[in-house]
Structure formats: structure tokens, C-alpha cells
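J.: Starting off with a structure, shown below.
The values are calculated or read from the model by the stated rules, or taken from the named source; none is laboratory data. Everything numeric here is computed off the predicted structure, so don't read it as measured data. Every residue, glycine among them, receives a Cβ derived from its backbone with ideal geometry; neighbour counts consider all protein chains shown.
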Amino acid sequence: MTGREEILQLLAEYDRYVLGCHVHPDGDAIGSLLALGLGLENAGKEVAMVVPGGVPATYRFLEGTEKITTTASLTPEVIIALDCADRERLLLPEAVFATGAPLVNIDHHISNSMFGDFNHVLPEAAATGEIVYDLLADGGFAPDKRIAEAIYTAVATDTGFFRYSNTSGRVLSLAAGLVADYGISPSRIAEEVYEERSYDSLRLLGEVLATLRLAAGGRIAWMAMSQELMAAYSVPLEETENFVNHTISISGVEIGLFFKEINPEETKVSWRSKSAVDVSRLAAHFGGGGHARAAGCTIKAPVTQAVEQVLPFLHDYLTSAGQENTAGEEKERA
Ligand SMILES: [Mn+2]
């Protein structure tokens, strides 16, 4: 579903915007927020780019992130949510919504709840950054090098640096164009995103990997991080986002899970899938969502109980006919 025309009009007509993204922002959330914010600013508009928890350290290398604030400094005429699947995950101060300004929802999650007054949701896009790139081009907002780096980072991180199944020819040529036209450095961006981890985050990964187990005859791999483990290392939760990818790197594993106990009553579960399984549907069973290959949910239980809820459900799923249906539809989508 798309409200592209209306959104282009909103971007052209107004002067004051507040932009937000999802909680625990990743490279696509920060990159698309920054690209659109800078594009509007270049056009002489007032923009507040708001990330209440601050920009994760990994993405602070992006020029322009220093303009991102933790609260909104202006009264918006338009509110824009980026890379955000539902209203609950959109972190903006309540005062922003109290203005009654129209809410624009720009996203690529197949599970998007269409919470905006205007929705531009394209599940076929590899990243929200790809959608923002098109909006900027179609709206006549000239990109600059900072915007090109932000879009590249958005697209690169959401495709696992051009490894995942959402790596389309379109995404590769978009990225190639950003490199050729704006002189950005893919190697530097990859280094910033992957090779600037803290010592503690790597030691925590070691502890988490020690919990790695297989289930369902080797088709599921899972690992868990208790609150005690998190407390033992001073690592922000978002720095553990990529840990889950180790689970599906194991030969024969179809579904990878990472359970994170964020408080004694709540466990965040990250889901990954390698090929046939649409994990956004499985995560939806537990009130979550996301993409076919990467999804998430939160279970109101301590980590051991969350594991006991999810694993039997998955075991049943993998041994039932339901799996074939999902596999067929997934092939069509890809
Ligand atoms: Mn995304």
C-alpha cells in the first residue's frame, strides 16, 4: 500500500517536520531518518530528527548524526516515522503527537500495521533507506555526500552487506550509484559498522555463544542471554542485535533464535531464517513481526520460560504441514 503522491506533497508544502524511528534503532532506522532529515534541511526546512535513546555508538560515524536529538525542539506540521512497523515501536515524545500533526509512515516491514495517516509501505524494498532514496529523488531533493552515506549504510546493514536474499539488482545498482556519484567508501562504512566493537561486547558474545544449542534435529539453533549475563558486561542492548546471526550460520539450521532477558518479566526474542521459513509469521504468533528472514517479538516471561514457550511451538510447526504453505508463499515473494 502506498500514499506516495500525498507524501511527496507533504514533503513539498510544509516547513516543520519531526522525524522518528523505531526503538533500538539499527542502521536502516538511523540511515533513513538521517537521509530524509538532511534532505529536508537542505531544502531550507526546519527538521527535528529525534531518537530518545540517542544514536547507537556504531552509527555515530555518519556525518549529520550530531544533529539527531533526544527530544523534539520544534512543533511539527508533519510527523514522519521511518522503518517502524507499528505505532508502539515508534519512540517520540507524547507532546509531538499531541500537536495533532499528520503522521506519515514510511517503511518496508511486511508486518507494518499501517498506523499512519499516510502510509508508504513497500515490503519489496530491501530497506527503508531505498524508499527514502526514491522519495528524495522524486521530490527533487538533491542528495549530498552525507545523505549518500546514510542511504548506503541503511541499505548495506539491512541486506547484511549485500548477502541476504533481499539483495536485489536494484539495491546493488543504487549502492553502486552512491559510490560512483558521491565518492563514499564502502570499505570504511563496513569497518565502522563491523570492526569498531568494544572489548566487552566481544566477551559478552563469547558467553552468549556458550549457551548455543540445537533443537528439532538440528533445524533450530538458539541461544540465550540472562539478565545476570547482561549485567556482568556494560554493553548496550543494541550492540547485541547482530549476535543472532551466528545461529543461522550453522550448516543445516533453518531457524535461529536469540533470547534476551531485558528484565525479570520480559524476554526479547530475535528470529532469523535462512531459506524457506517466514519467521515474521512465526514471531506474529507471539505478538511480534518483522521480515521473512528477520523478525522479533517480546514475551512476558523470564528467559527460561520464554524458551519453553517458543521451542515446542517451533517443533510442532516444523513437523506439521503448515511449513510447506509458508515455503511456497515465500518462494513467490522472493
Ligand atoms: Mn529496515
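J.: Can you list residue pairs whose Cβ atoms sit under 7 Å apart, with the first residue in segment 69-88 being at pLDDT below 95 and the second being aromatic (Phe, Trp, Tyr)? Count only pairs 6 or more apart in sequence or on different chains.
T.: 86/115; 87/115
J.: Within the set of pairs 6+ apart or on separate chains, which have a first residue in segment 141-165 that is under 19 Å from residue 55 (Cβ atoms), a second that is surrounded by fewer than 24 Cβ atoms within 10 Å (Cβ to Cβ) and of a type in the set (Val, Ile, Thr), and C-beta atoms under 6 Å apart?
T.: 148/184; 149/184; 152/184; 153/189; 155/171
J.: Out of 6, 63, report the one residue that is among the charged types (D, E, K, R), more than 19 Å from residue 131 (Cβ to Cβ) and more than 16 Å from the ligand (Cβ to nearest atom).
T.: On the way: 6 fails: more than 19 Å from residue 131 (Cβ to Cβ).
Result: 63 is the single residue among 6, 63 that is among the charged types (D, E, K, R), more than 19 Å from residue 131 (Cβ to Cβ) and more than 16 Å from the ligand (Cβ to nearest atom).
J.: Could you say which residue among 172, 135 is more than 16 Å from the ligand (Cβ to nearest atom) and assigned by TED's automatic domain parsing to the domain that holds residue 22?
T.: Sole residue among the options that is more than 16 Å from the ligand (Cβ to nearest atom) and assigned by TED's automatic domain parsing to the domain that holds residue 22: 172.
J.: Suppose we filter 150, 142 for residues that are within 14 Å of the ligand (Cβ to nearest atom), among the hydrophobic types (A, V, I, L, M, F, W, C) and either within 13 Å of residue 35 (Cα to Cα) or in contact with a Lys or Arg (Cβ under 9 Å, 6 or more places away or on another chain) (or both); which single one remains?
T.: Within the list 150, 142, the selection yields 150.
J.: Report whether or not residue 29 is modelled with pLDDT of 95 or more and within 17 Å of residue 120 (Cα to Cα).
T.: So residue 29 fits the description; yes.
J.: If residue 183 satisfies all but one of (1) loosely packed, with under 15 Cβ neighbours inside 10 Å; (2) touching a helix residue (DSSP H, G or I) at 6+ places or on another chain (Cβ under 9 Å); (3) in the same structural domain as residue 279 (by TED's automatic domain parsing), what's the number of the condition it fails?
T.: (3)
J.: Now for a different question. Please tell me if residue 247 is under 15 Å from residue 212 (Cα atoms), free of Cβ contacts under 8 Å to residues at least 60 places away in the same chain and either under 17 Å from the mean Cα position of the chain (by Cα) or crowded, with 21+ Cβ neighbours inside 10 Å (or both). Walk me through it before giving the result.
T.: Working: under 15 Å from residue 212 (Cα atoms): yes; free of Cβ contacts under 8 Å to residues at least 60 places away in the same chain: yes; either under 17 Å from the mean Cα position of the chain (by Cα) or crowded, with 21+ Cβ neighbours inside 10 Å (or both): yes.
In short, yes.
To keep it simple, each residue is scored yes or no on (1) crowded, with 22+ Cβ neighbours inside 10 Å; (2) within 11 Å of the ligand (Cβ to nearest atom); (3) outside the structural domain of residue 150 (by TED's automatic domain parsing); (4) acidic (Asp, Glu).
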site: 96; (1), (2), (3), (4): no, no, no, no
site: 99; (1), (2), (3), (4): no, no, no, no
site: 102; (1), (2), (3), (4): no, no, no, no
site: 114; (1), (2), (3), (4): no, no, no, no
site: 120; (1), (2), (3), (4): yes, no, no, no
site: 131; (1), (2), (3), (4): yes, yes, no, no
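J.: Condition first: touching a Phe, Trp or Tyr at 6+ places or on another chain (Cβ under 9 Å), over 19 Å from residue 167 (Cβ atoms) and not in a helix (DSSP H, G or I). Now tell me which residues in segment 257-291 satisfy that.
T.: Within segment 257-291, 257, 258, 259, 260, 267, 268, 269, 270, 271, 285, 286, 288 meet the criteria.
J.: In addition: Among helices (runs of 4 or more DSSP H) lying entirely in segment 133-227, which contain 1 or more residues that are under 28 Å from residue 40 (Cα atoms)?
T.: Counting at least 1 such residues, we get 145-158, 169-182, 186-194.
J.: Just one of (1) more than 16 Å from the ligand (Cβ to nearest atom); (2) under 20 Å from the mean Cα position of the chain (by Cα); (3) surrounded by fewer than 21 Cβ atoms within 10 Å (Cβ to Cβ); (4) modelled with pLDDT under 95 trips up residue 92, so point out which.
T.: (3)
J.: Taking the options 240, 304, name whichever one is among the β-branched types (Val, Ile, Thr), assigned to a helix (DSSP H, G or I) and within 21 Å of residue 28 (Cα to Cα).
T.: 240
J.: Right, here's the next one. Looking at residue 188, is it outside the structural domain of residue 298 (by TED's automatic domain parsing), at negative phi and more than 20 Å from the chain's Cα centre (by Cα)?
T.: yes
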